[in-house]
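No value in this document is a laboratory result; all are computed from the given coordinates. Keep in mind that what you see is a predicted model, and the values were worked out from it rather than measured. Here Cβ is always computed from backbone atoms with ideal geometry, including for glycine, and neighbour counts include all displayed protein chains.
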């Protein structure tokens, strides 16, 4: 598990910091801001194509090698893509293998016991939190101390180094014959027709869309003091790490399907709390609590993907949910930016309402369906 966390943090840090690195590099080269944004998006947009290459993960004799190769190619193409956008797009294609693809290896590491699996998922949440915090921060620091190109190349090196850690993980045999593994479209249909997976997808996408409004609202609410916005976002990240730490001590125990609905409501409550805080100090606490709630929710969604995914398409389920989550986060950021003109509270208010609505739909859907998770 320790090797897993180190390897996952390295490659996910490279994936998470890539946008910051490319945008800083583009601006340093004198490119206009809009083009820098396009280049940054060119490395995240391909995540949506991840499910269409994920079947290979479920049919591979040794999935570690495929994920490690993806990490190497991601790093090499990121380093080379400091120039042409086409290489950045190609680098982004391998991003889903570094997020959902790695998470799909957890069952082989954690063992069959539910408590061990839930604790392993808590460590996985921590690796996401560390990567999402350290990756962009390291890029910004190295770019300031040296230059953006150096930061980009070191980020690419982290992905290649992480590939070695992935190869050190236990080997996981393919659970079924390759001919029995469904394709990406069929996998998506299987997810939709499985009540627990359908609800996992609905809640994951909605919460990702909702929490994406936090940085935008923080920036709008502290327009006169930009450092304050950074402090609020940092408080959210700290809360995320605190939540994953709490889960390592006491893993989630209830049924993942019901947990996701309850924890989505908790996230909605924390988003609402950020609107009601009267002081900056109270806002810091509210952002921290929102990060903690989202860490708990994320752990529940990882449990849902792991426990309800068909064995023949486990890797594809992880990558489908991860890809749509990233797309939803991007859409949430764009929507919050469009709505912020009506007031700094509007994006978070609507985000909270959307999350409550998704949780209510999931509860109603569960009460009406008697389907069992596929195996």
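For each of 6, 72, count neighbouring Cβ atoms within 10 Å of the residue's Cβ, then give the residues from fewest to most.
Numbers: 6 17, 72 20.
If I rank by nearby Cβ atoms, fewest first, I get 6, 72.
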**Prompt:** Can you give the Rg and Dmax of the stretch 197-323 based on its C-alpha atoms, in angstrom?
**Reply:** 15.7, 53
**Complete:** With 0.36 nm assigned to each residue of separation and the Cα-Cα distance removed, residue 254 to residue 61 gains 66.1 nm
**Message:** I need the P(r) histogram for the stretch 281-375: all alpha carbon pairs, bin width 5 Å from 0 out to the longest distance, whole percents.
**Reply:** 2, 10, 12, 20, 22, 15, 9, 6, 3, 1
**Complete:** In nanometres, the difference between 0.36 nm per residue of separation and the alpha-carbon distance of residue 80 and residue 342 is 90.1 nm
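Efficiency by 1/(1 + (r/R0)^6): what FRET value for residue 28 and residue 246, r their Cβ-Cβ distance, R0 = 41 Å, to the nearest 0.05? If you can, show how the numbers build up before the last one.
On the way: r = 40 Å, r/R0 = 0.97.
The calculated FRET efficiency here is 0.55.
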**Over 30 Å [Cα-Cα, the chain], rounded percent** = 36 percent
**Asked** Classify the stretch 47-164: rounded, prolate or oblate, from the alpha-carbon gyration tensor (a ≥ b ≥ c, eigenvalue square roots; a/c under 1.5 rounded; otherwise prolate if a/b is larger than b/c)?
**Response** oblate
**Asked** How much length, in nm to one decimal, is gained on full extension between residue 275 and residue 2, taken as 0.36 nm per residue of separation minus their Cα-Cα distance?
**Response** 94.4 nm
